[in-house]
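Peer 1: Just dropping this structure here.
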Amino acid sequence: MNRTTPVIPAGDIARQKEYCAELRALNARRPAPPRAWVDTYGCQQNEADSELLRGMLAEMGYQIADAEEGADVIVINTCAIREHAEQRVFGNVGALVHGKRRNPSQIICLCGCMAQEPHVAERLKQSYRHVDLVFGPQQLWRFPEFLRRVYLRRGRVFETQPDDGAIAEGLPVRRSGKLKAWVSIMYGCNNFCSYCIVPYTRGRERSREPEIILSEIRELAERGYKDITLLGQNVNSYGKDLEGGWDFPRLLEAAANLPGDFLLRFMTSHPKDATEKLFDVMARCDKVAPVIHLPFQSGSSRVLAAMNRRYTREQYLDKVAALRARIPDVVLTSDVIVGFPGETTAEFEETLSLIEAVRFDALFTFIYSPRKGTPAAELPDPMPKAEKSANFDRLVEAQNRISLEKHQAYIGTVQRCLIDGVGDDPRHSLTARTAGGRLVHLDGDGALIGQYADVRITDCSTWALFGELAQPSKPSPSQGRSPISSKGAPFPCP
Ligand code: 5AD
Ligand code: SF4
(Lines give C-alpha, C1' and ligand atoms only; values in the text may rest on other atoms or scores of the structure.)
(Ligands and ions follow the chains in the order given, each with its own letter.)
Protein backbone atom coordinates (compact mmCIF):
# COMPACT_ATOMS: atom_id res chain seq x y z
CA MET A 1 0.00 0.00 0.00
CA ASN A 2 1.25 3.51 -0.82
CA ARG A 3 1.63 5.78 2.16
CA THR A 4 3.12 9.11 3.13
CA THR A 5 4.80 7.97 6.36
CA PRO A 6 7.82 5.64 6.55
CA VAL A 7 7.87 1.92 7.34
CA ILE A 8 10.98 0.21 8.76
CA PRO A 9 12.30 -2.15 6.04
CA ALA A 10 11.85 -5.87 6.76
CA GLY A 11 15.64 -6.34 6.52
CA ASP A 12 16.17 -3.96 9.47
CA ILE A 13 13.64 -5.88 11.58
CA ALA A 14 15.36 -9.15 10.56
CA ARG A 15 18.66 -7.74 11.80
CA GLN A 16 17.09 -7.06 15.21
CA LYS A 17 15.98 -10.70 15.26
CA GLU A 18 19.59 -11.72 14.60
CA TYR A 19 20.67 -9.64 17.61
CA CYS A 20 18.00 -11.44 19.65
CA ALA A 21 19.38 -14.82 18.54
CA GLU A 22 22.92 -13.76 19.41
CA LEU A 23 21.92 -12.66 22.91
CA ARG A 24 19.82 -15.78 23.38
CA ALA A 25 22.88 -17.91 22.62
CA LEU A 26 24.97 -15.92 25.11
CA ASN A 27 22.26 -16.13 27.76
CA ALA A 28 21.92 -19.90 27.24
CA ARG A 29 25.51 -20.30 28.44
CA ARG A 30 24.69 -18.82 31.83
CA PRO A 31 24.25 -21.20 34.78
CA ALA A 32 20.60 -20.10 35.20
CA PRO A 33 18.32 -18.26 32.77
CA PRO A 34 18.65 -14.50 33.32
CA ARG A 35 15.58 -12.53 34.41
CA ALA A 36 14.18 -9.26 33.08
CA TRP A 37 11.64 -6.93 34.65
CA VAL A 38 9.68 -4.25 32.76
CA ASP A 39 8.01 -1.53 34.84
CA THR A 40 5.40 0.58 33.07
CA TYR A 41 4.22 4.12 33.83
CA GLY A 42 1.50 6.11 32.09
CA CYS A 43 -0.94 5.37 29.32
CA GLN A 44 -2.22 2.27 27.52
CA GLN A 45 0.19 2.92 24.66
CA ASN A 46 3.02 2.40 27.14
CA GLU A 47 1.35 -0.82 28.35
CA ALA A 48 1.26 -1.98 24.73
CA ASP A 49 4.91 -0.96 24.19
CA SER A 50 5.90 -2.89 27.32
CA GLU A 51 4.30 -6.00 25.84
CA LEU A 52 6.64 -5.58 22.85
CA LEU A 53 9.64 -5.02 25.15
CA ARG A 54 8.78 -8.24 27.02
CA GLY A 55 8.36 -10.05 23.70
CA MET A 56 11.82 -8.94 22.61
CA LEU A 57 13.35 -9.82 26.00
CA ALA A 58 11.83 -13.31 25.82
CA GLU A 59 13.35 -13.69 22.32
CA MET A 60 16.69 -12.71 23.81
CA GLY A 61 16.47 -15.58 26.29
CA TYR A 62 15.28 -13.67 29.37
CA GLN A 63 12.67 -14.98 31.75
CA ILE A 64 10.09 -12.27 32.35
CA ALA A 65 10.00 -11.43 36.06
CA ASP A 66 7.08 -9.71 37.79
CA ALA A 67 9.25 -7.90 40.33
CA GLU A 68 12.56 -6.11 40.48
CA GLU A 69 14.26 -8.54 42.93
CA GLY A 70 17.10 -10.43 41.30
CA ALA A 71 16.45 -9.03 37.83
CA ASP A 72 19.44 -9.03 35.48
CA VAL A 73 17.79 -6.46 33.20
CA ILE A 74 15.43 -3.72 34.41
CA VAL A 75 13.46 -1.66 31.89
CA ILE A 76 11.59 1.43 33.11
CA ASN A 77 9.05 2.50 30.49
CA THR A 78 8.26 6.10 31.42
CA CYS A 79 5.57 8.75 31.03
CA ALA A 80 6.19 12.49 30.65
CA ILE A 81 2.63 13.79 30.63
CA ARG A 82 2.80 15.48 34.05
CA GLU A 83 5.53 16.54 36.46
CA HIS A 84 4.29 14.15 39.12
CA ALA A 85 4.77 11.10 36.84
CA GLU A 86 8.33 12.20 36.12
CA GLN A 87 9.17 12.73 39.78
CA ARG A 88 8.00 9.21 40.59
CA VAL A 89 10.25 7.83 37.86
CA PHE A 90 13.27 9.81 39.05
CA GLY A 91 12.64 8.62 42.63
CA ASN A 92 12.29 4.98 41.63
CA VAL A 93 15.20 5.02 39.19
CA GLY A 94 17.37 6.68 41.85
CA ALA A 95 16.54 3.87 44.29
CA LEU A 96 17.78 1.25 41.79
CA VAL A 97 21.36 2.31 42.53
CA HIS A 98 21.45 0.06 45.64
CA GLY A 99 20.54 -3.09 43.71
CA LYS A 100 23.10 -2.25 41.06
CA ARG A 101 25.81 -1.92 43.75
CA ARG A 102 24.97 -5.45 44.91
CA ASN A 103 24.86 -6.75 41.32
CA PRO A 104 27.14 -4.59 39.12
CA SER A 105 26.40 -6.68 36.01
CA GLN A 106 22.73 -5.69 36.19
CA ILE A 107 21.61 -3.63 33.15
CA ILE A 108 19.22 -0.72 33.82
CA CYS A 109 17.29 0.74 30.87
CA LEU A 110 14.97 3.74 30.68
CA CYS A 111 12.68 4.23 27.70
CA GLY A 112 9.33 5.85 26.88
CA CYS A 113 8.39 9.51 26.66
CA MET A 114 10.77 10.87 29.33
CA ALA A 115 13.74 9.56 27.37
CA GLN A 116 12.76 11.83 24.49
CA GLU A 117 12.91 15.03 26.58
CA PRO A 118 16.38 16.59 26.13
CA HIS A 119 16.61 17.91 29.72
CA VAL A 120 15.71 14.48 31.12
CA ALA A 121 18.27 12.66 28.96
CA GLU A 122 20.91 15.14 30.11
CA ARG A 123 19.99 14.68 33.79
CA LEU A 124 20.18 10.90 33.41
CA LYS A 125 23.54 11.19 31.69
CA GLN A 126 25.03 13.39 34.40
CA SER A 127 23.39 12.29 37.63
CA TYR A 128 22.06 8.72 37.16
CA ARG A 129 25.21 6.95 36.10
CA HIS A 130 23.82 3.55 37.07
CA VAL A 131 21.40 3.80 34.11
CA ASP A 132 23.03 1.99 31.17
CA LEU A 133 20.59 2.46 28.30
CA VAL A 134 18.20 5.30 27.44
CA PHE A 135 16.07 5.30 24.27
CA GLY A 136 12.92 7.08 23.09
CA PRO A 137 9.62 5.49 21.95
CA GLN A 138 10.43 5.80 18.23
CA GLN A 139 13.55 3.63 18.76
CA LEU A 140 11.74 0.83 20.59
CA TRP A 141 12.12 -1.65 17.72
CA ARG A 142 15.94 -1.33 18.06
CA PHE A 143 15.95 -2.47 21.69
CA PRO A 144 17.79 -5.79 20.91
CA GLU A 145 20.57 -3.86 19.14
CA PHE A 146 20.96 -1.44 22.06
CA LEU A 147 20.88 -4.12 24.73
CA ARG A 148 23.47 -6.15 22.84
CA ARG A 149 25.70 -3.07 22.67
CA VAL A 150 25.47 -2.54 26.43
CA TYR A 151 25.87 -6.27 27.12
CA LEU A 152 28.98 -6.74 24.96
CA ARG A 153 30.75 -3.43 25.49
CA ARG A 154 29.48 -2.46 28.94
CA GLY A 155 29.35 1.17 27.72
CA ARG A 156 26.37 3.46 28.28
CA VAL A 157 24.00 3.90 25.31
CA PHE A 158 21.86 7.04 24.77
CA GLU A 159 19.57 6.95 21.69
CA THR A 160 17.44 10.00 22.32
CA GLN A 161 17.79 12.11 19.18
CA PRO A 162 14.58 13.83 17.92
CA ASP A 163 12.69 11.38 15.73
CA ASP A 164 9.40 11.70 13.82
CA GLY A 165 9.04 7.92 13.92
CA ALA A 166 8.11 5.15 11.50
CA ILE A 167 6.00 2.00 11.53
CA ALA A 168 7.81 -1.15 12.69
CA GLU A 169 5.98 -4.44 12.09
CA GLY A 170 6.80 -8.01 13.00
CA LEU A 171 8.11 -7.43 16.53
CA PRO A 172 7.51 -10.22 19.02
CA VAL A 173 4.84 -9.50 21.64
CA ARG A 174 4.32 -11.00 25.08
CA ARG A 175 0.72 -10.09 26.04
CA SER A 176 -0.09 -9.58 29.71
CA GLY A 177 -3.67 -10.85 29.61
CA LYS A 178 -5.56 -13.73 28.10
CA LEU A 179 -8.93 -11.95 27.76
CA LYS A 180 -8.04 -8.33 27.07
CA ALA A 181 -5.63 -7.12 24.42
CA TRP A 182 -4.31 -3.81 23.15
CA VAL A 183 -3.91 -3.29 19.41
CA SER A 184 -2.06 -0.12 18.37
CA ILE A 185 -3.55 1.18 15.15
CA MET A 186 -1.43 4.31 14.87
CA TYR A 187 1.35 6.17 16.64
CA GLY A 188 2.23 9.79 17.31
CA CYS A 189 0.18 12.97 17.44
CA ASN A 190 -0.01 16.03 15.18
CA ASN A 191 -2.44 18.03 17.29
CA PHE A 192 -0.05 20.04 19.43
CA CYS A 193 -2.50 20.92 22.18
CA SER A 194 -0.59 23.77 23.80
CA TYR A 195 -0.16 22.03 27.19
CA CYS A 196 0.85 18.60 25.91
CA ILE A 197 4.30 17.05 25.59
CA VAL A 198 3.18 13.99 23.57
CA PRO A 199 3.67 15.42 20.04
CA TYR A 200 7.27 16.18 21.02
CA THR A 201 7.99 12.74 22.49
CA ARG A 202 6.02 10.40 20.22
CA GLY A 203 6.59 11.97 16.83
CA ARG A 204 4.21 12.44 13.92
CA GLU A 205 0.97 10.59 13.27
CA ARG A 206 1.45 7.37 11.33
CA SER A 207 -0.99 4.54 10.76
CA ARG A 208 -0.44 0.81 10.59
CA GLU A 209 -1.73 -0.93 7.47
CA PRO A 210 -5.38 -1.98 7.85
CA GLU A 211 -4.70 -5.54 6.64
CA ILE A 212 -2.05 -6.03 9.36
CA ILE A 213 -4.32 -4.62 12.08
CA LEU A 214 -7.27 -6.72 10.97
CA SER A 215 -5.24 -9.93 10.83
CA GLU A 216 -3.93 -9.20 14.34
CA ILE A 217 -7.49 -8.76 15.64
CA ARG A 218 -8.66 -11.88 13.80
CA GLU A 219 -5.87 -13.89 15.41
CA LEU A 220 -6.63 -12.50 18.88
CA ALA A 221 -10.30 -13.43 18.48
CA GLU A 222 -9.33 -16.93 17.37
CA ARG A 223 -7.12 -17.27 20.44
CA GLY A 224 -10.07 -16.41 22.69
CA TYR A 225 -9.47 -12.74 23.47
CA LYS A 226 -12.80 -11.17 24.36
CA ASP A 227 -12.01 -7.50 24.82
CA ILE A 228 -9.82 -5.72 22.28
CA THR A 229 -8.91 -2.05 22.59
CA LEU A 230 -7.71 -0.19 19.49
CA LEU A 231 -5.09 2.34 20.54
CA GLY A 232 -3.84 5.62 19.18
CA GLN A 233 -3.15 9.10 20.61
CA ASN A 234 -6.04 10.21 18.41
CA VAL A 235 -7.61 7.19 16.70
CA ASN A 236 -9.78 9.55 14.65
CA SER A 237 -6.71 10.57 12.64
CA TYR A 238 -6.30 6.97 11.49
CA GLY A 239 -5.62 6.55 7.77
CA LYS A 240 -4.70 10.14 6.92
CA ASP A 241 -1.28 8.91 5.74
CA LEU A 242 -2.67 5.88 3.87
CA GLU A 243 -4.09 5.55 0.39
CA GLY A 244 -7.26 3.62 -0.31
CA GLY A 245 -9.75 5.78 1.55
CA TRP A 246 -9.17 4.30 5.00
CA ASP A 247 -10.40 6.19 8.02
CA PHE A 248 -11.15 5.15 11.58
CA PRO A 249 -14.89 4.41 11.21
CA ARG A 250 -14.12 2.15 8.23
CA LEU A 251 -11.38 0.32 10.15
CA LEU A 252 -13.62 -0.07 13.20
CA GLU A 253 -16.45 -1.48 11.13
CA ALA A 254 -14.12 -3.87 9.29
CA ALA A 255 -12.80 -5.07 12.67
CA ALA A 256 -16.35 -5.49 13.98
CA ASN A 257 -17.18 -7.65 10.97
CA LEU A 258 -14.45 -10.15 11.80
CA PRO A 259 -15.71 -13.50 13.09
CA GLY A 260 -15.56 -14.28 16.80
CA ASP A 261 -17.03 -13.46 20.14
CA PHE A 262 -15.36 -10.24 21.27
CA LEU A 263 -15.98 -6.57 21.97
CA LEU A 264 -14.00 -3.70 20.50
CA ARG A 265 -13.12 -0.49 22.32
CA PHE A 266 -10.89 2.37 21.25
CA MET A 267 -9.02 5.27 22.72
CA THR A 268 -8.43 8.14 22.52
CA SER A 269 -10.78 10.21 20.36
CA HIS A 270 -10.12 13.90 19.84
CA PRO A 271 -13.57 15.56 19.81
CA LYS A 272 -12.72 17.72 16.78
CA ASP A 273 -12.38 14.55 14.67
CA ALA A 274 -15.11 12.40 16.23
CA THR A 275 -17.61 12.29 13.38
CA GLU A 276 -21.23 11.24 12.99
CA LYS A 277 -19.87 8.50 10.72
CA LEU A 278 -17.99 7.12 13.74
CA PHE A 279 -21.10 7.33 15.94
CA ASP A 280 -23.11 5.54 13.23
CA VAL A 281 -20.61 2.69 13.14
CA MET A 282 -20.68 2.47 16.95
CA ALA A 283 -24.47 2.35 16.90
CA ARG A 284 -24.86 -0.29 14.22
CA CYS A 285 -21.96 -2.62 15.06
CA ASP A 286 -22.83 -4.96 17.85
CA LYS A 287 -19.21 -5.81 18.53
CA VAL A 288 -18.30 -2.17 19.22
CA ALA A 289 -18.73 -1.52 22.93
CA PRO A 290 -21.18 1.31 23.69
CA VAL A 291 -18.50 3.48 25.29
CA ILE A 292 -16.33 6.39 24.23
CA HIS A 293 -13.58 8.35 25.93
CA LEU A 294 -13.95 11.89 24.57
CA PRO A 295 -11.64 14.30 26.42
CA PHE A 296 -13.13 17.81 26.65
CA GLN A 297 -10.31 19.38 28.76
CA SER A 298 -12.25 22.60 29.52
CA GLY A 299 -15.81 23.90 29.40
CA SER A 300 -14.70 27.41 28.39
CA SER A 301 -14.36 28.20 24.68
CA ARG A 302 -11.72 30.84 25.49
CA VAL A 303 -9.59 28.29 27.37
CA LEU A 304 -10.16 25.68 24.65
CA ALA A 305 -8.80 28.13 22.07
CA ALA A 306 -5.75 28.83 24.29
CA MET A 307 -5.29 25.05 24.57
CA ASN A 308 -5.36 24.81 20.74
CA ARG A 309 -8.12 22.21 20.94
CA ARG A 310 -9.91 23.49 17.80
CA TYR A 311 -13.48 23.04 19.04
CA THR A 312 -15.75 25.20 21.18
CA ARG A 313 -17.87 24.29 24.19
CA GLU A 314 -20.95 24.35 21.93
CA GLN A 315 -19.34 22.10 19.33
CA TYR A 316 -18.42 19.60 22.05
CA LEU A 317 -21.97 19.59 23.38
CA ASP A 318 -23.28 19.10 19.83
CA LYS A 319 -21.04 16.04 19.40
CA VAL A 320 -22.34 14.54 22.63
CA ALA A 321 -25.95 15.18 21.50
CA ALA A 322 -25.25 13.53 18.11
CA LEU A 323 -23.72 10.53 19.87
CA ARG A 324 -26.56 10.15 22.37
CA ALA A 325 -29.16 10.51 19.61
CA ARG A 326 -27.74 7.27 18.20
CA ILE A 327 -26.76 5.43 21.42
CA PRO A 328 -28.85 6.87 24.27
CA ASP A 329 -27.17 4.83 27.02
CA VAL A 330 -23.61 5.20 25.72
CA VAL A 331 -21.02 5.26 28.50
CA LEU A 332 -19.16 8.54 28.19
CA THR A 333 -15.86 9.29 29.92
CA SER A 334 -13.55 12.25 29.58
CA ASP A 335 -10.37 14.07 30.65
CA VAL A 336 -10.30 17.57 32.08
CA ILE A 337 -7.54 19.95 33.09
CA VAL A 338 -8.04 22.43 35.94
CA GLY A 339 -5.81 25.49 36.28
CA PHE A 340 -4.61 25.94 32.69
CA PRO A 341 -2.48 29.14 32.62
CA GLY A 342 -4.77 32.16 32.66
CA GLU A 343 -7.94 30.17 33.46
CA THR A 344 -10.12 32.24 35.79
CA THR A 345 -12.48 30.78 38.36
CA ALA A 346 -15.37 32.08 36.22
CA GLU A 347 -14.01 30.01 33.32
CA PHE A 348 -13.58 27.04 35.63
CA GLU A 349 -17.29 27.40 36.49
CA GLU A 350 -17.96 26.74 32.79
CA THR A 351 -16.15 23.42 33.17
CA LEU A 352 -18.36 22.63 36.16
CA SER A 353 -21.49 23.54 34.21
CA LEU A 354 -20.35 21.40 31.29
CA ILE A 355 -20.02 18.30 33.45
CA GLU A 356 -23.46 18.98 34.92
CA ALA A 357 -24.87 19.30 31.38
CA VAL A 358 -23.17 16.18 29.98
CA ARG A 359 -23.14 13.98 33.10
CA PHE A 360 -20.13 11.81 32.26
CA ASP A 361 -20.02 8.31 33.67
CA ALA A 362 -16.46 8.91 34.83
CA LEU A 363 -13.94 11.69 34.55
CA PHE A 364 -10.13 11.75 34.69
CA THR A 365 -9.28 15.03 36.38
CA PHE A 366 -5.87 16.70 36.25
CA ILE A 367 -4.33 19.87 37.61
CA TYR A 368 -2.34 21.59 34.86
CA SER A 369 1.33 20.69 34.94
CA PRO A 370 3.77 22.86 32.93
CA ARG A 371 5.79 20.81 30.41
CA LYS A 372 9.10 22.26 29.24
CA GLY A 373 9.05 23.04 25.51
CA THR A 374 5.26 23.37 25.17
CA PRO A 375 3.69 26.78 24.36
CA ALA A 376 1.49 26.79 27.48
CA ALA A 377 4.54 26.54 29.74
CA GLU A 378 5.49 30.07 28.55
CA LEU A 379 2.11 31.62 29.41
CA PRO A 380 1.57 33.76 32.53
CA ASP A 381 -0.04 31.62 35.23
CA PRO A 382 -1.23 34.00 37.93
CA MET A 383 -3.79 31.82 39.77
CA PRO A 384 -2.47 30.71 43.18
CA LYS A 385 -2.06 26.97 43.72
CA ALA A 386 -4.59 27.02 46.56
CA GLU A 387 -7.29 28.42 44.26
CA LYS A 388 -6.55 25.76 41.62
CA SER A 389 -6.74 23.05 44.28
CA ALA A 390 -10.05 24.41 45.59
CA ASN A 391 -11.48 24.38 42.05
CA PHE A 392 -10.14 20.88 41.50
CA ASP A 393 -11.81 19.67 44.71
CA ARG A 394 -15.15 21.17 43.63
CA LEU A 395 -14.88 19.40 40.30
CA VAL A 396 -14.07 16.03 41.87
CA GLU A 397 -16.91 16.41 44.34
CA ALA A 398 -19.42 17.23 41.58
CA GLN A 399 -18.24 14.35 39.40
CA ASN A 400 -18.33 11.88 42.31
CA ARG A 401 -21.96 12.78 42.88
CA ILE A 402 -22.74 12.34 39.17
CA SER A 403 -20.86 9.01 38.96
CA LEU A 404 -22.76 7.74 41.99
CA GLU A 405 -26.10 8.83 40.52
CA LYS A 406 -25.21 7.17 37.21
CA HIS A 407 -24.29 3.97 39.03
CA GLN A 408 -27.51 4.07 41.07
CA ALA A 409 -29.46 3.95 37.82
CA TYR A 410 -27.97 0.50 37.13
CA ILE A 411 -29.52 -0.99 40.28
CA GLY A 412 -32.17 -3.54 39.36
CA THR A 413 -30.97 -3.87 35.74
CA VAL A 414 -29.39 -6.99 34.28
CA GLN A 415 -26.11 -6.35 32.48
CA ARG A 416 -24.33 -8.74 30.21
CA CYS A 417 -20.78 -8.72 31.63
CA LEU A 418 -17.45 -10.29 30.87
CA ILE A 419 -16.24 -12.04 34.03
CA ASP A 420 -12.61 -10.97 33.95
CA GLY A 421 -10.86 -11.71 37.21
CA VAL A 422 -10.66 -12.57 40.87
CA GLY A 423 -11.96 -10.05 43.40
CA ASP A 424 -9.98 -8.94 46.45
CA ASP A 425 -12.96 -9.11 48.81
CA PRO A 426 -14.12 -12.55 50.05
CA ARG A 427 -17.79 -11.53 49.61
CA HIS A 428 -17.15 -10.72 45.98
CA SER A 429 -14.88 -13.39 44.61
CA LEU A 430 -15.10 -12.22 40.98
CA THR A 431 -14.77 -9.01 39.00
CA ALA A 432 -16.55 -8.29 35.75
CA ARG A 433 -17.04 -5.45 33.26
CA THR A 434 -20.23 -4.27 31.65
CA ALA A 435 -20.13 -3.74 27.89
CA GLY A 436 -19.65 -0.05 28.69
CA GLY A 437 -16.61 -0.92 30.80
CA ARG A 438 -18.04 -0.30 34.30
CA LEU A 439 -16.46 -2.44 37.03
CA VAL A 440 -18.76 -4.98 38.71
CA HIS A 441 -18.00 -6.97 41.87
CA LEU A 442 -19.89 -10.24 42.31
CA ASP A 443 -19.64 -13.68 43.81
CA GLY A 444 -19.34 -16.84 41.73
CA ASP A 445 -17.30 -19.77 40.57
CA GLY A 446 -13.78 -18.98 39.33
CA ALA A 447 -14.50 -21.24 36.34
CA LEU A 448 -16.67 -18.41 34.95
CA ILE A 449 -13.63 -16.20 34.34
CA GLY A 450 -13.41 -15.56 30.62
CA GLN A 451 -17.13 -16.00 30.01
CA TYR A 452 -19.98 -13.60 29.53
CA ALA A 453 -22.74 -13.76 32.12
CA ASP A 454 -25.92 -11.86 32.89
CA VAL A 455 -25.41 -10.00 36.16
CA ARG A 456 -28.21 -8.38 38.16
CA ILE A 457 -26.94 -5.13 39.68
CA THR A 458 -27.92 -4.91 43.36
CA ASP A 459 -25.79 -2.10 44.78
CA CYS A 460 -23.14 0.45 43.85
CA SER A 461 -20.52 2.91 44.98
CA THR A 462 -19.04 5.92 43.19
CA TRP A 463 -16.42 3.67 41.63
CA ALA A 464 -18.09 0.31 41.05
CA LEU A 465 -21.26 -1.73 40.74
CA PHE A 466 -22.11 -4.77 42.88
CA GLY A 467 -24.22 -7.63 41.59
CA GLU A 468 -25.11 -11.28 41.46
CA LEU A 469 -25.34 -13.79 38.66
CA ALA A 470 -28.81 -13.57 37.14
CA GLN A 471 -28.56 -17.30 36.39
CA PRO A 472 -26.02 -19.44 38.23
CA SER A 473 -23.99 -20.22 35.12
CA LYS A 474 -24.26 -19.24 31.50
CA PRO A 475 -23.17 -20.82 28.25
CA SER A 476 -20.69 -18.78 26.26
CA PRO A 477 -22.43 -16.16 24.06
CA SER A 478 -20.76 -17.67 21.00
CA GLN A 479 -23.86 -19.88 21.09
CA GLY A 480 -25.89 -17.24 19.33
CA ARG A 481 -26.15 -14.36 21.83
CA SER A 482 -25.04 -10.82 21.47
CA PRO A 483 -22.29 -9.83 23.92
CA ILE A 484 -23.98 -6.45 24.42
CA SER A 485 -27.21 -6.07 26.31
CA SER A 486 -27.32 -2.36 26.89
CA LYS A 487 -27.78 -1.36 23.25
CA GLY A 488 -31.01 -3.28 22.95
CA ALA A 489 -31.74 -5.66 20.09
CA PRO A 490 -28.70 -7.12 18.32
CA PHE A 491 -28.01 -5.30 15.07
CA PRO A 492 -25.38 -7.15 13.04
CA CYS A 493 -22.93 -5.11 10.99
CA PRO A 494 -23.71 -5.16 7.29
N1 5AD B 1 -1.03 18.96 32.57
C2 5AD B 1 -2.11 18.32 33.06
N3 5AD B 1 -2.78 17.38 32.39
C4 5AD B 1 -2.33 17.07 31.15
N5 5AD B 1 -2.79 16.19 30.24
C6 5AD B 1 -1.99 16.23 29.16
N7 5AD B 1 -1.01 17.14 29.35
C8 5AD B 1 -1.22 17.68 30.58
C9 5AD B 1 -0.55 18.67 31.33
N10 5AD B 1 0.52 19.31 30.87
C11 5AD B 1 -3.99 15.38 30.44
C12 5AD B 1 -5.04 15.66 29.37
C13 5AD B 1 -4.98 14.44 28.51
C14 5AD B 1 -4.60 13.39 29.51
C15 5AD B 1 -4.04 12.14 28.93
O16 5AD B 1 -3.64 14.02 30.32
O17 5AD B 1 -6.30 15.75 30.03
O18 5AD B 1 -6.20 14.15 27.86
FE1 SF4 C 1 -1.67 15.54 23.68
FE2 SF4 C 1 -3.65 16.81 22.39
FE3 SF4 C 1 -2.19 14.90 21.13
FE4 SF4 C 1 -3.91 14.20 23.08
S5 SF4 C 1 -4.46 15.17 21.11
S6 SF4 C 1 -1.77 13.48 22.81
S7 SF4 C 1 -3.76 15.95 24.51
S8 SF4 C 1 -1.44 16.89 21.87
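Peer 1: Taking the DSSP beta bridges in the chain as the whole, what percent of them are antiparallel, to the nearest 5? Display every interim value, and only then the final one.
Peer 2: Values: 23 of 67 bridges.
Bridges in the chain are about 35 percent antiparallel.
Peer 1: Is the range 1-148 best put as rounded, prolate or oblate by its Cα gyration tensor, with a ≥ b ≥ c the root eigenvalues, rounded for a/c under 1.5, and otherwise prolate when a/b is larger than b/c, oblate when not?
Peer 2: Judged from the Cα gyration tensor, the range 1-148 comes out oblate (a/c at least 1.5, b/c at or above a/b).
Peer 1: On the principal axes of its Cα set, how long, how wide and how thick is the range 180-408? Give whole Å, largest value first.
Peer 2: Principal-axis extents of the range 180-408 (Cα, largest first): 54, 43, 28 Å.
Peer 1: What is the range 10-159's relative contact order, in percent, from Cα pairs under 8 angstrom and six or more apart in sequence?
Peer 2: So the answer I get is 23 percent.
Peer 1: For residue 107, what residues show an amide H to amide H distance below 5 Å, using hydrogens built from the backbone and excluding near sequence neighbours?
Peer 2: 73, 74
Peer 1: Counting only residues 5 or more places away or on other chains, whose amide H sits under 5 Å from the amide H of residue 286 once H atoms are built in the peptide plane?
Peer 2: 491, 493
Peer 1: Please report, in cubic angstrom per residue, the volume enclosed by the convex hull of the alpha-carbon atoms of the range 213-300. Spell out each step's value before the answer.
Peer 2: Values: hull volume 9.0 nm³, N = 88.
Hull volume over Cα atoms, normalised by residue count, gives 102 Å³.
Peer 1: Of all the Cα-Cα pairs you can form in the range 275-379, what percent are over 19 Å apart? Mind showing how you got there, number by number?
Peer 2: Numbers: 2540 of 5460 pairs.
When every Cα pair of the range 275-379 is considered, 47 percent fall beyond 19 Å.
Peer 1: Greater than 26 Å separation of Cα atoms is the criterion. Which listed pairs, 178/319; 180/287; 125/180; 240/287; 240/319, meet it?
Peer 2: Cα-Cα > 26 Å for 178/319; 125/180; rest within.
Peer 1: Under the definition of Cα pairs under 8 Å and six or more residues apart, what whole-number percent is the relative contact order of the range 310-365? Numbers along the way, then the final one.
Peer 2: Working: 28 pairs, mean separation 26.5, N = 56.
Relative contact order, the range 310-365: 47 percent.
Peer 1: Hey, another quick one. Would you kindly derive the ³J(HN,Hα) couplings of the range 235-250 from the backbone phi angles with the Karplus curve 6.51 cos²θ - 1.76 cosθ + 1.60 (θ = phi - 60°), listing them in order in whole Hz, with x for Gly and Pro?
Peer 2: My calculation for the range 235-250 gives 4, 6, 8, 3, x, 4, 9, 10, 8, x, x, 7, 9, 5, x, 5 Hz in order.
Peer 1: Convert each backbone phi in the range 453-459 into a coupling constant with the Karplus relation 6.51 cos²θ - 1.76 cosθ + 1.60 (shift: θ = phi - 60°), then list the ³J(HN,Hα) values in order as whole Hz, x for Gly and Pro.
Peer 2: Coupling constants for the range 453-459: 8, 7, 10, 8, 7, 10, 7 Hz.
Peer 1: What is the set of long-range amide H partners of residue 246 at a cut-off below 5 Å, with H atoms built 1.01 Å from backbone N?
Peer 2: none
Peer 1: Kirkwood hydrodynamic radius, the range 96-249, all distinct C-alpha pairs: what's the number in Å?
Peer 2: Evaluated on the range 96-249, it is 17.6 Å.
Peer 1: In debye, nearest 20: dipole of the chain around its Cα centre with unit charges on the Cβ of K, R (+) and D, E (-)?
Peer 2: Taking the Cα centre of the chain as origin, the dipole is about 1060 debye.
Peer 1: Could you grab the relative contact order for the range 263-384? Cα pairs under 8 Å, six or more apart, rounded to a whole percent.
Peer 2: This gives 26 percent for the range 263-384.
Peer 1: Next up: Take the Cα radius of gyration of the chain and divide it by 2.2 N^0.38 Å, with N its residue count; two decimals is plenty.
Peer 2: 1.00
Peer 1: Quick check: at a probe of 1.4 Å, how many percent of the accessible area of the chain sits on carbon and sulfur atoms?
Peer 2: After summing per-atom areas, the C and S share lands at 53 percent.
The values are calculated or read from the model by the stated rules, or taken from the named source; none is laboratory data. If you're wondering where the values come from, they're calculated on a predicted model, not measured in any experiment. Here Cβ is always computed from backbone atoms with ideal geometry, including for glycine, and neighbour counts include all displayed protein chains. Just so you know, the surface numbers come from the protein's heavy atoms only, side chains and all, with ligands and any DNA or RNA stripped out. Shrake-Rupley method; radii C 1.70, N 1.55, O 1.52, S 1.80 Å.
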